[in-house]
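The values are calculated or read from the model by the stated rules, or taken from the named source; none is laboratory data. Note that the structure is predicted; figures quoted are calculated from it, not measured. Methodologically, a virtual Cβ is constructed for each residue, glycine included, from the backbone with ideal geometry; neighbour enumeration extends over all protein chains shown.
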């Protein structure tokens, strides 16, 4: 649970292993920006099936309104949780060493009719979007979150337009050399690894 507040969490984050936590921290950071309370649990569809089932069955009674699951490999956690609750379940496929998360993605998206799981992108982009999607779901009930989402989109728009203005003004070569284009710099560093 988010220890800083006594408010009940509205979002449950369930991961299959503590190795998933660094990626799912992207979700947590988004939820913090929206000031949304959350709890984080490590439960496995295969190693702790009874506890995972109990978590899903009792989530609504505990005030949880959205569940976000992160799991890799067989990635049955989100589906097993969704089978035990009617709350929205969002799933983030974890990248794996053997198939780069494609195995996780396929496990999550191939749910039988009647037991939906909303699957997001593999890894950190999916984890970040899971937090945003959870906020969008809660915004249907809580207007303040809707305002925060609109502010976030406006900020994204301003950032893109500022980059575009700089690109048009400076030209491609100067823009790429500029240290202020942090996106390009981060991408270059990532590609060198």
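Which of the following residues is out of contact with any helix residue (DSSP H, G or I) (no Cβ under 8 Å at 6 or more places or on another chain) and either outside any helix (DSSP H, G or I) or modelled with pLDDT under 95 (or both): 85, 185, 96?
Numbers: 85 fails: out of contact with any helix residue (DSSP H, G or I) (no Cβ under 8 Å at 6 or more places or on another chain); 96 fails: out of contact with any helix residue (DSSP H, G or I) (no Cβ under 8 Å at 6 or more places or on another chain).
Only one candidate qualifies: 185.
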Could you check residue 5 against (1) modelled with pLDDT under 95; (2) under 17 Å from residue 67 (Cβ atoms) and say which number it fails?
-> (2)
Can you name the condition, by its number, that residue 172 falls short on among (1) under 25 Å from residue 89 (Cβ atoms); (2) in a helix (DSSP H, G or I)?
-> (1)
So residue 13 clears everything in (1) over 24 Å from residue 147 (Cα atoms); (2) not in a loop (DSSP other than H, G, I, E, B) except one condition, right? Which one?
-> (1)
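Here is a check on your reading of the model: is residue 81 under 24 Å from residue 61 (Cβ atoms) and surrounded by 18 or more Cβ atoms within 10 Å (Cβ to Cβ)? Lay out the reasoning, then the answer.
Working: under 24 Å from residue 61 (Cβ atoms): yes; surrounded by 18 or more Cβ atoms within 10 Å (Cβ to Cβ): yes.
Taking the combined requirement at face value, the residue satisfies it.
Check 147, 141, 124 and return the single one that is over 18 Å from the mean Cα position of the chain (by Cα), in contact (Cβ under 8 Å) with a residue 40 or more places away in the chain and surrounded by fewer than 19 Cβ atoms within 10 Å (Cβ to Cβ). Steps first, please.
Details: 147 fails: in contact (Cβ under 8 Å) with a residue 40 or more places away in the chain; 124 fails: over 18 Å from the mean Cα position of the chain (by Cα).
Selected residue: 141, the only one of 147, 141, 124 that is over 18 Å from the mean Cα position of the chain (by Cα), in contact (Cβ under 8 Å) with a residue 40 or more places away in the chain and surrounded by fewer than 19 Cβ atoms within 10 Å (Cβ to Cβ).
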For region 71-82, name all the residues that are in contact with a strand residue (DSSP E or B) (Cβ under 7 Å, 6 or more places away or on another chain) and at pLDDT 95 or above.
-> 77, 78, 81, 82
Residue count for region 83-100, restricted to those that are within 13 Å of residue 19 (Cβ to Cβ) and touching a strand residue (DSSP E or B) at 6+ places or on another chain (Cβ under 8 Å) = 1
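To keep it simple, each residue is scored yes or no on (1) surrounded by fewer than 16 Cβ atoms within 10 Å (Cβ to Cβ); (2) on the phi < 0 side of the Ramachandran plot; (3) not in a strand (DSSP E or B); (4) not assigned by TED's automatic domain parsing to the domain that holds residue 124.
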| position | (1), (2), (3), (4) |
| --- | --- |
| 22 | yes, yes, yes, no |
| 28 | no, yes, yes, no |
| 36 | no, yes, yes, no |
| 39 | no, yes, no, no |
| 46 | yes, yes, yes, no |
| 50 | yes, yes, yes, no |
| 70 | no, yes, no, no |
Of all residues making up region 87-116, the number that are under 15 Å from residue 130 (Cα atoms) and surrounded by 22 or more Cβ atoms within 10 Å (Cβ to Cβ) = 8
Exception for residue 179 within (1) exposed (fewer than 11 other Cβ atoms within 10 Å of the Cβ); (2) in contact with a helix residue (DSSP H, G or I) (Cβ under 7 Å, 6 or more places away or on another chain); (3) at pLDDT 95 or above falls at (3)
